[in-house]
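Visitor: Let me begin by handing over the structure; questions about it come next.
The values are calculated or read from the model by the stated rules, or taken from the named source; none is laboratory data. Worth saying up front: this structure is predicted, and the values here are computed from it rather than measured. Counting neighbours? That spans all protein chains shown, and the Cβs are built from the backbone with ideal geometry, glycine included.
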Amino acid sequence: MQFIDLKSQYNFMQKEIEHEVLDTLRSGQFIMGPKVDLLEETLIEYTGRKHAISCSSGTDALLMSLMSLNIGKDDYVITTPFTFIATAEVIALLGAKPIFVDVDNSYNISSRAIEECLEHIHKINKLSKVKAIISVDLFGLPADYCKIEVIAQNYSIPLIADSAQSFGSTYKTYRTCSYGDICTTSFFPAKPLGCYGDGGAIFTDSDELASKMKSIRVHGMDKDDKYNNIRLGLTARLDAVQAAVLNVKIKYLKDEIIERNKLAKKYNEAFSGTDLITPIAQNCKKSAWAQYTLRHENRDYIVESLTKKNIPTAIYYPIPLHKQKVFQDFDSYNFNLDNSEKFSREVFSLPMHPYMKDSDFEKIIEECLCLV
Ligand SMILES: *Cc1c(COP(=O)(O)O)cnc(C)c1O
């Protein structure tokens, strides 16, 4: 049994993907070009945003977003510690300081905690140093954008949505990745929309930010002149082979998200009435189900027992970022982070992908129910 069954997915789409990849190899166009252009057009259509900028990874998408906002030394960026390291790593890489605020029981950043944090920073007269808020759509569930967008606008602080895990999700009338001033995603193979290497994308409605990001993507080039460098940038393009893979896979994403939602519903039903804490239901949101994550006080025992029965599990995330060694050496500010600390001790994820066999599902349920 696989935790994420990329092989079954590949078998399903094999002919089309191989055709597209071969076509790219024969074209000799490996960097940018028609495959990347097509992907960006499709991403614009999918999200309804004005600009889609493909790039080399979800991490670089975040880095380029902060760079486009001129975030640097001693600036503050508010974010959650219950996420993948990349979310806060990019802040520190630029010399800025992460301010960690807690998550609520949806595992996403708490809008109340953001407000309390901003009120406190206002009191100590440092509000002008807060240059961005980065929310994360953990496990595929969009953060509470209705509230977070209003807070960000009230304080005139740009909002970056780290949607690395949630491409394909929806929230009220929002299309996927249409949250925030800037929204970033990742095409890492295990994400809901994955390629066969590293990749990512940035979405924005701002012409100014989009043109800056396109410049940063290619060493700070001037518009249409790559040997005239007007700012510091990166090598952060998506390669054409990955775009070719994504051009096929994105056609199946809607159906895959439906399958993921069906599986999540089956898990929820099977675990209702047990001690396992299932993901909280939010009717206005449709998760992309990057992960199906449960919580239990005896997490370590459960994970160990399932491993012995050959049921793959994963723990996202065992160490909240403010406890990571790397952030002991950097200036970061921590508000009350009790939930993040508790959840990192109690969460574990079960296999979640659109190609789950009934027999595997039944085995997972049977083994889990023996333990709780
Ligand atoms: C995966 C992930 C990233 C980084 O994406 P990469 O493509 O691996 O660089 C950033 N943030 C979150 C929340 C992620 O899950």
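Visitor: Among the residues of segment 160-190, which ones are surrounded by fewer than 24 Cβ atoms within 10 Å (Cβ to Cβ) and more than 14 Å from the ligand (Cβ to nearest atom)? Outline the logic, then answer.
Guide: First, pick out the residues of segment 160-190 that are surrounded by fewer than 24 Cβ atoms within 10 Å (Cβ to Cβ): 170-175, 178, 181, 188-190.
The answer is 170, 171, 172, 173, 174, 175, 178, 181.
Residues checked against (1) modelled with pLDDT of 95 or more; (2) part of a helix (DSSP H, G or I); (3) buried (at least 21 other Cβ atoms within 10 Å of the Cβ):
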{"position": "339", "(1), (2), (3)": "yes, yes, no"}
{"position": "342", "(1), (2), (3)": "yes, yes, no"}
{"position": "345", "(1), (2), (3)": "yes, yes, no"}
{"position": "349", "(1), (2), (3)": "yes, no, no"}
{"position": "352", "(1), (2), (3)": "yes, no, yes"}
{"position": "359", "(1), (2), (3)": "yes, yes, no"}
{"position": "362", "(1), (2), (3)": "yes, yes, no"}
{"position": "366", "(1), (2), (3)": "yes, yes, no"}
{"position": "369", "(1), (2), (3)": "yes, yes, no"}
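Visitor: Could you grab me the full set of residues in segment 208-246 that are under 13 Å from residue 52 (Cβ atoms) and of a type outside the set (Lys, Arg)? First the steps, then the outcome.
Guide: From segment 208-246, those under 13 Å from residue 52 (Cβ atoms) are 209-210, 213-214, 217, 238, 243, 246; that's our starting set.
Listed by number, the residues that qualify are 209, 210, 213, 238, 243, 246.
Visitor: One residue is enough: does segment 202-220 have a residue meeting the conditions in contact (Cβ under 8 Å) with a residue 24 or more places away in the chain and within 14 Å of the ligand (Cβ to nearest atom)? Walk me through how you get there before you give the answer.
Guide: Residues of segment 202-220 in contact (Cβ under 8 Å) with a residue 24 or more places away in the chain: 202-207, 209-210, 212-214, 216-217.
After this cut, where a residue has to be within 14 Å of the ligand (Cβ to nearest atom) as well, the list is 202.
The answer is yes; a qualifying residue exists.
Visitor: Another one. Going through segment 1-33 one residue at a time, which ones are of a type outside the set (Ser, Thr, Tyr) and without any contact (Cβ under 8 Å) to a residue 12 or more places away in the chain?
Guide: So in segment 1-33, the residues of a type outside the set (Ser, Thr, Tyr) come out as 1-7, 9, 11-23, 25-26, 28-33.
Of everything in segment 1-33, those that are of a type outside the set (Ser, Thr, Tyr) and without any contact (Cβ under 8 Å) to a residue 12 or more places away in the chain turn out to be 7, 11, 14, 15, 18, 19, 22, 26, 28.
Visitor: Another question about this same structure. Being among the polar types (S, T, N, Q) and within 18 Å of residue 279 (Cα to Cα) narrows it down to one residue among 166, 156; which is it?
Guide: Values: 156 fails: within 18 Å of residue 279 (Cα to Cα).
After applying the criteria, what remains is 166.
Visitor: Can I ask one more? I'd like to check something: does segment 59-72 contain any residue that is within 20 Å of residue 325 (Cα to Cα), touching a residue at least 40 places away in the same chain (Cβ under 8 Å) and outside any loop (DSSP other than H, G, I, E, B)? Break it down stepwise before answering.
Guide: Narrowing segment 59-72 to residues within 20 Å of residue 325 (Cα to Cα): 59.
Subsequent filtering for residues that are touching a residue at least 40 places away in the same chain (Cβ under 8 Å) retains 59.
Remaining after also requiring outside any loop (DSSP other than H, G, I, E, B): 59.
Looking for residues that are within 20 Å of residue 325 (Cα to Cα), touching a residue at least 40 places away in the same chain (Cβ under 8 Å) and outside any loop (DSSP other than H, G, I, E, B), one finds at least one in segment 59-72, hence yes.
Visitor: Residues in segment 239-258: is at least one in contact with a Ser or Thr (Cβ under 7 Å, 6 or more places away or on another chain) and assigned to a loop (DSSP other than H, G, I, E, B)?
Guide: no
Visitor: Follow-up question, since we're still on this one. Filtering segment 39-96 down to residues that are touching a helix residue (DSSP H, G or I) at 6+ places or on another chain (Cβ under 8 Å) and of a type in the set (Phe, Trp, Tyr), which residue is surrounded by the fewest Cβ atoms within 10 Å (Cβ to Cβ)?
Guide: Result: 46.
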